Ligand code: ITT
């Protein structure tokens, strides 16, 4: 069937298309459909994912799939969190946003790995035009590294080292970042959430 991927973020879209590919689902993005971006007025990842998915389902009459995600740094009381995209500003300058995080960590003398703990969160929502929704949320734990390493991925990937790995998300191929076979069974917040959501949707 047809599915709308309710995102305007090209990095996310690429990952979602890779995750959906094995299911043979034909997906078109909100950006490709020129859908308006709803205001993300929620106070949680889950609320914002639901806002984006239901807006796209209502606008198109098709089931819609949305991700709301972000980076939460322990020493910064979980910032930037739901404001992760907004910290990069209108020019989407993630180098500036990563530099800002590092500046705040330095101010707190966070030099040891244990003081630099962080996690990514992904809340995924599928909304059907009849109003039904399914939602999941997952995370991946790791630490902030400086300077950023690698040019793969998007957003904060080069400054995030997932626990148990020697390379940042910016140094991994998307397949490794997902942690899909043959490399494992779910590493990134988005891939883990996707696997959970796919199980729910297939059982429906
Ligand atoms: P849409 O709302 O159109 O999907 P967005 O970029 O505005 O796009 P969010 O509001 O969910 O999406 O913001 C999440 C931000 O968190 C995103 O822009 C990235 O900077 C960051 N982020 C989320 N997942 C990430 C990942 O896997 N790797 C690196 N950064 C990530």
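Quick notes on this structure:
- Within region 18-33, the set of residues being within 12 Å of the ligand (Cβ to nearest atom), touching a strand residue (DSSP E or B) at 6+ places or on another chain (Cβ under 8 Å) and in a loop (DSSP other than H, G, I, E, B) comprises 30 only.
- Any pair with Cβ under 7 angstrom, 6 or more apart, that starts in region 47-59 at a residue that is in contact (Cβ under 8 Å) with a residue 60 or more places away in the chain and ends at one that is surrounded by 20 or more Cβ atoms within 10 Å (Cβ to Cβ) and in a helix (DSSP H, G or I): 48/82
- Number of the exception - residue 36 against (1) within 12 Å of the ligand (Cβ to nearest atom); (2) surrounded by 17 or more Cβ atoms within 10 Å (Cβ to Cβ): (2)
- Condition met for residue 15 (assigned to a helix (DSSP H, G or I) and either crowded, with 17+ Cβ neighbours inside 10 Å or within 12 Å of the ligand (Cβ to nearest atom) (or both)): yes
- Considering residues of region 48-81 that are more than 11 Å from the ligand (Cβ to nearest atom), touching a helix residue (DSSP H, G or I) at 6+ places or on another chain (Cβ under 9 Å) and not in a strand (DSSP E or B) only, the residue nearest to residue 197 (Cα to Cα): 63
Read-outs throughout are calculated quantities, based only on the coordinates presented, and are distinct from any laboratory measurement. These figures come from a predicted structure and were not determined experimentally. Ideal geometry is used to build each Cβ from the backbone, glycine not excepted, and the neighbour counts take in all protein chains shown.
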